[in-house]
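The values are calculated or read from the model by the stated rules, or taken from the named source; none is laboratory data. The model shown is predicted, which means the values in this text are computed figures rather than measured ones. All Cβ positions, even for glycine, are placed from backbone atoms using ideal geometry, and neighbour counts span all protein chains on display.
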Amino acid sequence: MILNRINAILILCTLPTVFAGCVAPLFGAETVSAHVILLILDGERYSETWGSPGRENIPRCANELAPQGTMLTHCINDGNTYTLPGHCTLLTGHNDEIKGNETDYPSHPSIFQLLLAQKIPTDRVWLVASKEKLNVLVNCADPAWKDRFIAREDCGDTHAIGGNRDDKETIAKALENLVKYEPKFMAINLKEPDIAAHRQDWNGYLKAIKDCDAIAADLWSWLQSTPSFKDNTTLIITNDHGRHIDGRMEGYASHGDGCSGCRHIGCLILGPDIRRNTVLYERYTQRDIAATLAHLLGVELEKCEGKPILESFSSSKAVRTSKD
C-alpha cells in the first residue's frame, strides 16, 4: 500500500520541516489553499477512466474522491496531444510545439518560474516526474526568463533505459519532498499508463490505471491526515493526453492526433476552496486548468487564453451541475 510507504518516509525523515504553519495564501481572502499539487497521470484514455460506465479501473477516485470534489466531464487537450506539450500547457497556459530534446524549452514561463519570481523559496516549488525528459519544464526559451527562477526537480533516472523510473519510486520522492519542504506548488508525473500502452500491453495498461488510481487516493488521504496539509491543500488530478480511439491508427497503443480519444482527458479537483460532490458538464481545456492553478497560487500567466474554472469554487454562484 502507498500509505505504508508514506509512513515509512515519515519515520525516516528526521529533518525538521521548514515554513511550518505558513498557510497564508498569496491570493488574499479569495482562496484558503496554502499548497497546490498537480498530479498528471500520463496517457490515460477517458474511455478507460471517467468515461467507463462502471469506472471499474478508477474505483477509488470515482467512489472516494469524487464526492469530495468537482469532476469535469468535458475537459480536453486542444493542442498537441503528446507528453511534453500536454504537460507544458498545464504549466504555462499555452499550447506549445515543444519537441522534447535537451535544448527545447517551453516558449512561455511556467507557474514554477512565476512563483519563484515572487521570491518564494526554491525549495517550495517542485517538479517530480517518472519521465526524465520532463525536466525541461522548469525552464523556458523566453530570453527574459531563460535560466532564471528555476524550480527544484527530481525527474526520472539517468541510469535507466529511456531515463524513466518506476511510479512507486516517483511518488515516494514526491512524498519525501512534501514532508521535508512543504512546497507551495508541486507537479507530479506518473508514467506507467502511457508506457504500458505503448508496449501494446492492454492488461498492463489497465493495471497501470488502477495503480495510479490507488496512488491518487492514497495521496489525498495522506494530505488530509497530515497537519501541514490538512484542509489547506488543493489537489488537481488530470492527464496530459489520451489515446487514439479504437480503430484509428494503432488504437490505444499510441496517441498524437486530434481524435476524440487523444483529446478527451479527465480532471478531478479537490480542496478547501472547491465544491464537493459536483459535476461540471461545460467544455474546459488544459489552459483553463493552468489558469485555475495560477488563480489558486496568486500568479498571472502571461497572455494565457485559459480562464480559472471558477464554477468549481465553493464561493462561485455560477455553477451548473447538470447537462441542462
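Numbers below:
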| read-out | value |
| --- | --- |
| Residues of region 277-290 satisfying the condition of being crowded, with 22+ Cβ neighbours inside 10 Å and of a type in the set (A, V, I, L, M, F, W, C) | Leu280, Ile289, Ala290 |
| Which numbered condition Thr234 misses (of (1) among the polar types (S, T, N, Q); (2) closer than 18 Å to Leu72 by Cα; (3) assigned to a loop (DSSP other than H, G, I, E, B)) | (3) |
| Identity of the residue in region 82-126, among the aliphatic types (A, V, I, L, M) and more than 24 Å from Arg243 (Cβ to Cβ), that ends up surrounded by the fewest Cβ atoms within 10 Å (Cβ to Cβ) | Ala117 |
| Residue check for Ser107: within 16 Å of Cys267 (Cα to Cα) and without any contact (Cβ under 8 Å) to a residue 40 or more places away in the chain | no |
| Residue satisfying condition, being crowded, with 24+ Cβ neighbours inside 10 Å, in contact with a strand residue (DSSP E or B) (Cβ under 7 Å, 6 or more places away or on another chain) and in contact (Cβ under 8 Å) with a residue 60 or more places away in the chain, within set Leu65, Leu41 | Leu41 |
| Close pairs from region 239-268: first surrounded by 24 or more Cβ atoms within 10 Å (Cβ to Cβ), partner assigned to a helix (DSSP H, G or I) and among the β-branched types (Val, Ile, Thr), Cβ under 6 Å, at least 6 apart | Asp240/Thr83 |
| Single match in Gly93, Gly86 (criterion: in contact (Cβ under 8 Å) with a residue 40 or more places away in the chain, in contact with a Leu (Cβ under 7 Å, 6 or more places away or on another chain) and under 29 Å from Ser314 (Cβ atoms)) | Gly93 |
| The listed residue being hydrophobic (A, V, I, L, M, F, W, C), under 21 Å from Cys304 (Cα atoms) and out of contact with any helix residue (DSSP H, G or I) (no Cβ under 9 Å at 6 or more places or on another chain), out of Ala151, Ala141 | Ala141 |
| Pairs with Cβ under 6 Å, 6+ apart, first in region 147-172 and farther than 15 Å from Leu39 by Cβ and touching a residue at least 24 places away in the same chain (Cβ under 8 Å), second part of a loop (DSSP other than H, G, I, E, B) and among the basic types (Lys, Arg) | Gly156/Arg165; Asp157/Arg165; Asn164/Lys191 |
| Per-region count, region 142-164, residues at pLDDT 95 or above and either out of contact with any strand residue (DSSP E or B) (no Cβ under 6 Å at 6 or more places or on another chain) or hydrophobic (A, V, I, L, M, F, W, C) (or both) | 11 |
